[in-house]
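The structure appears right after this line, and notes come after that.
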Amino acid sequence: MADQAFVTLATNDSYAKGAMVLGQSLRNHKTSKKLVAMIGPHVSDPCRAVLRRIYDEVRLVDVLDSGDTAHLAMLKRPDLGVTFTKLHCWSLTHYSKCVFMDADTLVVSNVDELFDREELSAAPDPGWPDCFNSGVFVFRPSKETHGKLLQYCTEHGSFDGGDQGVLNGFFNDWATKDISKHLPFIYNLGSIAMYTYAPAFKQFGSNAKVVHFLGAMKPWSYTYDTQTNTVRGDVHASSAHPSFLLNWWNTFKQQVLPMMQQEYGDKPFHSGCEAAPAQPPMSSMERKQKWEQGQADYLGVDSFDNIQKKLDAFLK
Ligand code: UDP
Ligand code: GLC
Ligand code: MN
């Protein structure tokens, strides 16, 4: 339906990469809905161009920041004040119903059935299940609700410093009023659950429809080894299961990266993909030691040709 859309937000190029993978994952699973990316002014031109290739609409919005450092410090996420910007999704009144998805979510199965739900439907937050997690929610754009939400921010602020605190304050009967507004957890699987309730994750994890890489470590915080097709670093530092992380990176490498390479052209950019493990060059002291131990790099830096070149340069 043309008046229904999935909506996400990216205020910078890092989250824009997340939005690219999310949008691509929605396309891969053949959504019939429109795709909208709200972006902030700091998103670079090449990233905007890639987003335009994946999304039907890329819309520039004003960045709102809660500036609430005290609550954000409690959340251990000083960077999340700008998530107030998410509230602008209610201003997309050319759509009658939408599903908001964080830029750090990944669709692993078609989820168009979410549009059968009403505002405000969302899944429980894994940390406090009487609150909903605002990484995935169904809503109805409305000038009136948009205005009321912004007013709520001014009057009450947010108990977590971000949008989730505001939204749970505003839609405060979510926990008790209407069970049909509780989305099953598989629509917003913060796989932190795999640590807190491992048997349930083992039993139900494969039913996941949307994976949410919540927490400070995002998929794009890692590097990806394109030779071995593996994610490098401490994959357990992310709240996500390693196989979900690999799914994100495969989508990025195979489908998003080629578009970025086209749009960036000669300009350098950080892809996070590396072909070989970065080996620090050996110091001349280390080389001397190896040589003395009979471990000269005969075919490489210590080859006869190289030694002769050095001698020639010295004699000149
Ligand atoms: N976001 C953004 N720029 C930022 C921080 C957040 O655009 O600097 C958006 C992005 O869509 C992100 C969402 O706000 O997915 C919520 O932030 P995040 O996912 O980091 O929070 P978490 O789910 O980890 O609590
Ligand atoms: C949460 C949500 C995220 C939200 C943040 C700040 O953990 O996952 O979507 O932006 O809290 O409220
Ligand atoms: Mn998130």
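Couple of notes before you dig in:
- Residues whose placed amide H lies under 5 Å from that of Met38, excluding near-sequence neighbours: Thr8, Leu9, Ala10, Arg59
- Placing unit charges on each Cβ (+1 for Lys and Arg, -1 for Asp and Glu) gives the chain a dipole about its Cα centre, and among Leu80, Asn110, Ala240 the Cα reaching farthest toward its positive end belongs to Asn110.
- Taking amide H as placed 1.01 Å from N in the peptide plane, the amide H of Ser44 sits under 5 Å from that of Asp13, each at least 5 places away or on another chain.
- Accessible area of Thr154 in the full protein assembly, 1.4 Å probe (Å², nearest 10): 120 Å²
- Of Lys76/Lys177; Lys30/Lys148; Lys17/Lys97; Lys97/Lys253; Lys33/Lys202, pairs whose Cα-Cα distance is over 27 Å: Lys76/Lys177; Lys30/Lys148; Lys97/Lys253; Lys33/Lys202
- A cut-off of 5 Å between modelled amide H atoms, ignoring neighbours fewer than 5 places along the same chain, links Asn133 with Ala123, Asp125.
- With all protein chains kept in place, the per residue accessible area of the chain amounts to 52 square angstrom at a probe of 1.4 angstrom.
- Mean residue ellipticity at 222 nm, helices only, the chain: -9500 deg cm²/dmol; runs of at least 4 DSSP H residues each add -39,500 (n - 2.57), and the sum is divided by the number of residues.
- Residue ranking by accessible heavy-atom surface, 1.4 Å probe, largest first, among Arg52, Arg140 comes out as Arg52, Arg140.
- In loop segments of the stretch 85-132 as defined by DSSP, the GluC sites (Glu not before Pro) with at most 15 further C-beta atoms inside 10 Å of their C-beta are Glu118.
- Remark: accessible surface ordering of His29, His212 (largest first) is His29, His212, probe radius 1.4 Å.
- Shape index of the stretch 1-94: Rg/Rh, with Rg the Cα radius of gyration and Rh the Kirkwood radius from the inverse mean 1/r over Cα pairs, equals 1.01.
- Computed from backbone phi, the HN-Hα couplings of the stretch 210-222 come to 10, 9, 10, 7, 6, x, 6, 8, 9, x, 6, 7, 9 Hz, rounded to whole numbers (Karplus: 6.51 cos²θ - 1.76 cosθ + 1.60, θ = phi - 60°; Gly and Pro given as x).
- Taking the DSSP bridge list for the chain and keeping only pairs wholly inside it, about 40 percent are antiparallel.
- A 1.4 Å probe, protein heavy atoms only, puts the accessible area of Glu286 near 90 Å².
- For the stretch 66-82, Karplus couplings with θ = phi - 60° (6.51, -1.76, 1.60), whole Hz, Gly/Pro x: 5, x, 8, 5, 5, 5, 5, 5, 5, 6, 6, 9, x, 7, 8, x, 5
- Rg over Rh [alpha-carbon atoms, Kirkwood Rh] for the chain: 1.11
- Structure remark: mean-square fluctuation, Gaussian network model of the chain, C-alpha springs under 10 Å; the largest value among Ala19, Ala103, Ala200 belongs to Ala200.
- Comparing Tyr224, Tyr197, Tyr15 in a Gaussian network model of the chain (Cα springs below 10 Å), the most mobile by mean-square fluctuation is Tyr197.
- Options Leu26, His71, Phe100, ranked by Cα towards positive dipole end of the stretch 13-110, top entry (Cβ charges): Leu26
- Put Phe269, Phe137 in order of accessible area, highest first, and with a 1.4 Å probe you get Phe269, Phe137.
- Using R0 = 51 Å, the C-beta based FRET efficiency linking Asn250 and Asp312 works out to 0.55.
- Geometric extent, Cα atoms of the stretch 107-196 - Rg, Dmax (angstrom): 13.6, 41
- Top of Phe185, Phe84, Phe171 by mean-square fluctuation, Gaussian network on the chain, Cα under 10 Å: Phe171
The values are calculated or read from the model by the stated rules, or taken from the named source; none is laboratory data. Please read these numbers as outputs of a predicted model, since none were measured by experiment. Using ideal geometry, Cβ is built from the backbone for each residue, glycine included, and neighbour counts are taken over all protein chains shown. Surface accessibility is based on the protein's heavy atoms, side chains included, excluding ligands, DNA and RNA. Shrake-Rupley method; radii C 1.70, N 1.55, O 1.52, S 1.80 Å.
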